[in-house]
Every structure is written in structure tokens, then in C-alpha cells.
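Working notes for the structure below.
The values are calculated or read from the model by the stated rules, or taken from the named source; none is laboratory data. Just so we're clear, the structure is a prediction, and the values are computed from it rather than from any experiment. Because the Cβ atoms are built from the backbone with ideal geometry, glycine has one as well, and the counts that use them run over all protein chains shown. Note: areas computed on protein heavy atoms with side chains; ligands, DNA, RNA excluded. Shrake-Rupley method; radii C 1.70, N 1.55, O 1.52, S 1.80 Å.
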Amino acid sequence: MERRAFLSSVAATGLVAALPTTGMAKSGTPAFNPRHTPMRGFDGQDVSCDSLAIEGKLPPELRGTFFRNGPGLFERGGERYLHPFDGDGLVHAYRFTDKGVSHRARFVRTEKFKAEAQAGKFLINGFGTRVKAGMPITSSDSFNTANTSVLLLKGQLLALWEGGSAYALDPNTLETIGPVAFSRELAKLPFSAHPKVEPDGTTWNFGAFGKNLVLYHFAPDGTLVRSGVVESGGVGMVHDFVVTERHIVFVLPPAEFDFKAFSSGKAITESIIWHPDRPTRVLAIDKSDFSRRREYELEAFSLFHFGNAWEDAQGVIRADFVRSDNLSLMIDWMPRMMAGESIPAPTTNAAFLTADPSTGKARLEMRTGNCEFPAVDPRIVGRRHRQLFMPGSVRNDGYSGFDYVMRLDPETGKEDRYVFEAGVSLEEHIVVPRPGSCKEGDGWLVGVGFDSRRQQSLVNVFEAGNLAAGPVAIARLPYWVPSCFHGRWV
Ligand SMILES: [Fe+2]
């Protein structure tokens, strides 16, 4: 029933491609400040390097592959997308071996990518852009770019988007296998880019469609255990979620998706209505019975990413995430950066949620300082954590991007940080546990960045327990690559 409702709502969007009104792709490449070279994107080429230059000393126990995914192509046939979320997925593999670090990046050969590469121009509308040669959208996979994150499931590397199917890749070669259907009924339904993998390998995910959320529960071996659909109220902005030991937790901002506007020719970014007078809702769903739910209300705010959540013996839920006042980061700032402007980002804050079922009340505490991409040790997902890692911006001058990494104790506020010299901008950094250890934070913090002075991308490796000492190793690529959103260590 819900799947039919979703497909009929998508079918209505078939009108969009034919209406040349607002949100059209622009001509030509903007003149980017050299600090923002990665915003240019690639032309569709795959790249590789067998041996990155290493500064410092790579930890001998740090062996594995750091997979990353992000939008890598923004222009075809002289047209440029307006929004970074539109770009086609480029998946990276940084392999750490006894010989050093190698890099390979390949575009995901989605149906969209293959058709547009052959045509030499954009054929289908993106998330925030409409293009001249519009084609009808027959399902959300028509404009699936597979550009947001990765997950290893049943031996396949999945390139994740959030509005459609996961795309399976060969983890060794990064060659595209094709879209994944976890069951016949779930084919083409959204599968978000933020699955949560618990310490035992149990994996949860969701997909937002229409007024609903589809929930996925996988066993540690990657087998689908259960799926279900719950009502969300038609929120147009559900990017991430968290789990505790007993609950699946969503924070739903008052961002209404206006299907009517979308069907009349607006881009998705133009079809979201922000209601500052309505609450942001916290929705806690019982993992063992999706029909059991509890809701809390807070004043309006928006968010992209969570760090982690946990609950105590009384069922009080704590969650941390990065909060924004509204959608201006996505609706205004990102398109302006895509167009070559250099402007400070709107304020984002680390925020700490407490939701108490005994009182029915939720409250939020905040910390100042722009930040994003919060991460915790994968050994502690859904459990009480004392270390939250994320990049932040000291300078926030419009040029520097994220220029420091921090390790924050969410309970005491104590911080360990390292600030990079001007000219280095950082992306997400994640925790890689030290083999054989089970202590939270015992391992390394690994993440990528761009050094604008050399016009090269890099990989940082920190001892996770001592960020202030600076990176123990930096692996430098001989070229720059487009910025990514998210990654995972395998
Ligand atoms: Fe994300």
C-alpha cells in the first residue's frame, strides 16, 4: 500500500522535467577561489594512485580500506548544477597496507550516469537543479546519484543515496554491480545514507517517502530480518537518525515537503516549506514493535547529522547531533558556494538532547562553535559514549571551511583539539579501533581534507586519544579530488 502511494507520488513528478521555470542549471564554470578547487568537480574520469606520499609514520596496526563517497561531477555539456547534492557519486578507496597507502576513485555507474555520459549532457533533474533536456522521472531511481555514503553488507560495498536504492559495488575494484532490492516489496524504496551498525553488526536503516518512513533491520550477517512502515507526517528533511539499545530515534524538523510545488515545476530545494512556528518533533520507536512510539516536541530547528544516542535504565534517551536554526545552510549557503561565492557558513552547534518518557518532555542543551559530521567509536554505537569527534571551524571566514578536529566529552564538555594552519580544509573524520582493543576511543581518527597551498587532497591519521599532538601521519595525494560527504573504514 505505502509503496504504491510512494510510486504514485513520484509519478506525479514526471511533470517536473518538462517545465522550464525556476532552478535551471547555469552555463559555464564559476571562477573558484583556489581554497575551493574541489567544488569544481571532475569531468567523469576515474583516478588512481598506487603510492601516496607519507609524512610522519603510519601506525603499523592500521590496515584496511577507508571508503568515501561524495558528489564528484557537477557539469556536463556546458551546464552546471546549482546544488552540491546534485552531483554524481564518486566512491574512493584509500587502502592502507604494509606498502603504504593507495587511492582509487570511480564514479558509480548509475542509470543516470550512464545515460548522461553517453549523451554528453544532463538528461534528468537533480535534487536542487532542473536541466534543459529533461526526461520523465519514472521512479526515484531515475535521478539516483548514489553520492552520499557507503556500507559494507553481505560482502558488497553499497553506495548510498537517501531517496532511492542502494547501489552495489565490487569492494575490490569499485566497479558498479547495480541497484539492490532487499526484497521484492522493498525494491526502489528509499534506503538512507546513514545506516547505524551496532557493535555486534546488527544494522538499522530507514528511508523517507511521502508521509512515511520505511524501517530496515538487518542481522549481523547482513540478512534482512524485518522491515516496516511508520508515519512521519510528511517531513521534507529526514537525513539521519540514531538508535539506542531499545529505540529508533528520529528528530523531525518542521520542514514540510510540498508535493504540489514540486509537481508544478519547483526543484526539491524549492519545494520545502519551513514552518518556524511549528515544533521539531522527536520520535522514539520501539525496536521490537514498530507500532509502539513516543513523541516529544521542541522549538523549531533543523539538523543533518547525529553523533550517537543511548538510554538509561529509566528509559531516558540522550542523543547528540549538530543543530541549525533553519534550512539556510542547505537552501542558501550551499548553492552560493556552488556558484563560486566565499561566504561564512550559517551557525551550526553541537546539541545534546534529553527525552524523558516519565515526564513526556524533551530538552536541548547547546554548545557554541561551528561544526559538522559528528562521529563516535563504532564499538559504542547505541551505547553510552564519552567521546564525540568532529571537525569544526575556528576561522569561519568563508574560505577556510572546517579547520580543526575535536574530541569532546559530551558530559563534561572537556575538549581535545588540533587546529590546522590556514589553507587546509577538513572533511568528516572517523574513528578506527585499534585491533584487539575494546576501550572506547582506543585507536585512530582518520579523515580527509584539501591543502589549497599544494592543490592536493590528503588523509590525516591521528591517535584518537591525543588530537592535540597533531596528526601522526598525513598521506598526500598527487592531485585534488572533489569533496565527499561520508565514509566508512573496512
Ligand atoms: Fe549525511
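When the Cα positions of Ser457, Gly487, Cys438 are compared along the charge dipole of the stretch 433-490, Ser457 comes out farthest toward the positive end, with charges on each C-beta of Lys, Arg, Asp and Glu.
FRET efficiency for the Asp46 to Asp409 pair, using the beta carbon distance and R₀ = 60 Å, is estimated at 0.90.
Taking a temperature of 10 °C and a viscosity of 1.306 mPa s, what whole-number D in µm²/s does Stokes-Einstein yield for the stretch 2-489 with Rh from Kirkwood over alpha carbon pairs? Walk me through the numbers before you get to the answer.
On the way: Rh = 22.7 Å.
Translational diffusion coefficient: 70 µm²/s.
Straight-line reach only, C-alpha to C-alpha below 28 angstrom: list the lysines that Lys188 could link to, leaving out same-chain residues fewer than 8 apart. Straight-distance partners of Lys188: Lys112, Lys114, Lys121, Lys132, Lys154, Lys196, Lys211, Lys260, Lys266, Lys287. Here's the picture: charge each Lys and Arg Cβ at +1 and each Asp and Glu Cβ at -1 in the chain, and of Pro59, Gly89, Phe32 the one pushed furthest to the positive end of that dipole is Gly89. Within the shell of other residues whose beta carbon sits under 15 angstrom from the beta carbon of Asp170, the net charge comes to +3, with Lys and Arg scored +1 and Asp and Glu -1.
Arrange the peptides 340-349, 54-63 so that the one whose residues have, on average, the most other Cβ atoms within 10 Å appears first.
Details: 340-349: 16.0, 54-63: 14.0.
Per-residue Cβ counts within 10 Å, averaged per peptide and sorted highest first, yield 340-349, 54-63.
For the pair Ser288/Ala469, report the inter-label distance in nm, with labels modelled 7 Å from Cα in the Cβ direction. Between Ser288 and Ala469, the label points sit 4.4 nm apart. The residue list Phe143, His305, Gln387 was ranked by how far each Cα lies along the charge dipole of the stretch 2-489 toward its positive end, using unit charges on Cβ atoms, and Phe143 comes out on top. Across the stretch 2-489, the mean sequence separation of Cα contacts (distance under 8 Å, 6 or more residues apart), normalised by length, yields a relative contact order of 14 percent.
Could you please state how large a percent of the accessible area of the chain is carbon and sulfur, counting protein chains only and using a 1.4 Å probe? Ligands and nucleic acids excluded, carbon and sulfur reach 51 percent.
Taking the Cα centre as origin and putting +1 on Lys and Arg beta-carbons and -1 on Asp and Glu beta-carbons, what dipole magnitude results for the chain, to the nearest 20 debye?
On the way: 55 positive and 56 negative charges, 146 e Å.
Roughly 700 debye for the chain.
Taking 0.36 nm per residue of separation and subtracting the Cα-Cα distance, full extension of the segment from Arg367 to Ser27 would add 118.3 nm.
Roll a 1.4 Å probe over the protein chains and send me the accessible area per residue for the stretch 2-489 in Å².
Working: 18670 Å² over 488 residues.
Accessible surface, normalised per residue, equals 38 Å².
In the stretch 207-342 the Cα-Cα distances spread across 5 Å bins starting at 0 as 2, 9, 17, 20, 20, 14, 9, 6, 3, 1, 0 percent of all pairs.
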